[in-house]
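Colleague: The structure that follows is given in the form of structure tokens.
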Number of protein chains: 2
Amino acid sequence: MKSDKENIKIDGIDKKILRFLMTDARKPVLEIARKIGISGAAIHQRLRKLENSGLIAGSKFVINPKVLGYSTMAYVGIYLEKAMSNPVAVKALEQIPEVLECHYTTGNWSILIKVLCRDNEHLMQVLNNKIQQIDGVSRTETFISLDQQIERQITI
Amino acid sequence: MKSDKENIKIDGIDKKILRFLMTDARKPVLEIARKIGISGAAIHQRLRKLENSGLIAGSKFVINPKVLGYSTMAYVGIYLEKAMSNPVAVKALEQIPEVLECHYTTGNWSILIKVLCRDNEHLMQVLNNKIQQIDGVSRTETFISLDQQIERQITI
DNA sequence: GGTGAAAGAGGCGCAAC
DNA sequence: GTTGCGCCTCTTTCACC
């Protein structure tokens, strides 16, 4: 099982297969086969190729957090003290379940994170009691997402 | 098929099922059944309940964009002119495939977007030739993500 | 690269407890 | 809410084109 991360060639059929599965990971291979007019076995071969290439990183059920009462999303820019190493801060952030993403960024901040909370009060608690308590965090800037209007993956 | 978005009760078994499927949408229901010690039919019933509640929003194959040569991710804060309405700008942003997310935010900017490009030159072209060309966009601030260190969904 | 067939496994609904 | 059963579909591999 070798991995040709550089030499991957994707043709139109691969793209069609991926577009189906990117929007519904449980769509049966045979159903895709019927829709694009080739055999199920051919799709299997192509999927194996795409998996081995590393292009397919996995599959996920997507959860709607609002149903669980989580409706406040925010981005928080974090300033770290000079002495603070990024990996230590990231380790601390991993322990906070409300932190969904963490980026090491250029620009004003050292770190940009995405957090998901139940409401503004919960967000305030996470900022004051969890993030600000991390050793080396000097200051934060918070941007609340009032509405996420686009959410998609790379266009294949 | 009614939808009880407010009255959803998730017990420990539901959580276990969801945790399996959130990391591998194609994991067979019967395999999960064996691991947590109940019948496959019981899992089917619970999944139907969870789907009807709206908690399960769908499933996705996750693509690794680096294999396709996309390795520059950035966040861009966009300032809109006062006269500019947010929905018109969002419509324009939807037409740009490099834009993966778009948030209507509080704080300095009107809009915060996530963009994925092949490299810095590609990012520059997207900024100059696509985003800055949108009617009503006055200024942008770009934060390149040197490394995404956390990426996950809500903890169930 | 592609196909078709065949064996085994899983999906999914139903009746009963 | 759970179970066992049954039918049907899908998965996966194989030899072959």
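The values are calculated or read from the model by the stated rules, or taken from the named source; none is laboratory data. Computed from a predicted model, the values in this text were never measured in an experiment. Backbone-built Cβ (ideal geometry, glycine too); neighbour counts: all protein chains shown.
Colleague: Limited to segment B:44-67, what total is found for residues that are of a type in the set (Val, Ile, Thr) and within 8 Å of DNA strand C (Cβ to nearest atom)?
Modeller: 0
Colleague: A further question follows. From the list A:Ala74, A:Ala57, A:Ala41, A:Ala92, exactly one residue is hydrophobic (A, V, I, L, M, F, W, C), within 16 Å of DNA strand D (Cβ to nearest atom) and at pLDDT 95 or above. Which is it?
Modeller: A:Ala41
Colleague: Sticking with this one: Any idea which of (1) away from chain A (no Cβ under 11 Å); (2) closer than 28 Å to A:Gly54 by Cα; (3) more than 16 Å from DNA strand C (Cβ to nearest atom) is the one B:Lys16 doesn't satisfy?
Modeller: B:Lys16 satisfies every listed condition except (3).
Colleague: Okay, moving on. Taking B:Ser59 as the residue in question, decide whether it is touching a residue at least 24 places away in the same chain (Cβ under 8 Å), more than 11 Å from every other protein chain (Cβ to nearest Cβ) and within 30 Å of A:Lys9 (Cβ to Cβ).
Modeller: no
Colleague: Name every residue in segment A:106-133 that is in contact with a helix residue (DSSP H, G or I) (Cβ under 7 Å, 6 or more places away or on another chain) and farther than 30 Å from A:Val67 by Cβ, in order of residue number.
Modeller: A:Ser110
Colleague: Applying the selection to segment A:44-92, what residues are out of contact with any strand residue (DSSP E or B) (no Cβ under 7 Å at 6 or more places or on another chain), over 21 Å from B:Arg26 (Cα atoms) and among the hydroxyl-bearing types (Ser, Thr, Tyr)?
Modeller: Listed by number, the residues that qualify are A:Ser71, A:Ser85.
Colleague: State the number of residues belonging to segment B:122-136 that are in a helix (DSSP H, G or I) and charged (D, E, K, R).
Modeller: The total comes to 1.
Colleague: So which of A:Lys60, A:Lys91, A:Lys35 is under 30 Å from B:Gly77 (Cα atoms) and not assigned by the TED database to the domain that holds A:Arg118?
Modeller: A:Lys60
Colleague: Do the conditions hold for A:Cys102, that is, is it buried (at least 20 other Cβ atoms within 10 Å of the Cβ) and free of Cβ contacts under 8 Å to residues at least 24 places away in the same chain?
Modeller: For A:Cys102, the condition - buried (at least 20 other Cβ atoms within 10 Å of the Cβ) and free of Cβ contacts under 8 Å to residues at least 24 places away in the same chain - is met.
Colleague: I'm checking my understanding of the structure. Among residues of segment B:126-148 that are within 13 Å of chain A (Cβ to nearest Cβ) and in contact with a Phe, Trp or Tyr (Cβ under 6 Å, 6 or more places away or on another chain), which one is surrounded by the fewest Cβ atoms within 10 Å (Cβ to Cβ)?
Modeller: Checking each candidate, the answer is B:Asp147.
Colleague: Could you list, ordered by first residue, the pairs with Cβ atoms under 6 Å in which the first is in segment B:26-54 and more than 10 Å from chain A (Cβ to nearest Cβ) and the second is near DNA strand C (Cβ under 7 Å from one of its atoms) and not small (Gly, Ala, Ser), at least 6 apart or interchain?
Modeller: B:Gly40/B:Val29; B:Gly40/B:Leu30; B:Ile43/B:Val29
Colleague: Also: It is to be established whether one or more residues within segment A:90-97 are more than 16 Å from DNA strand C (Cβ to nearest atom), surrounded by 15 or more Cβ atoms within 10 Å (Cβ to Cβ) and more than 7 Å from chain B (Cβ to nearest Cβ).
Modeller: yes
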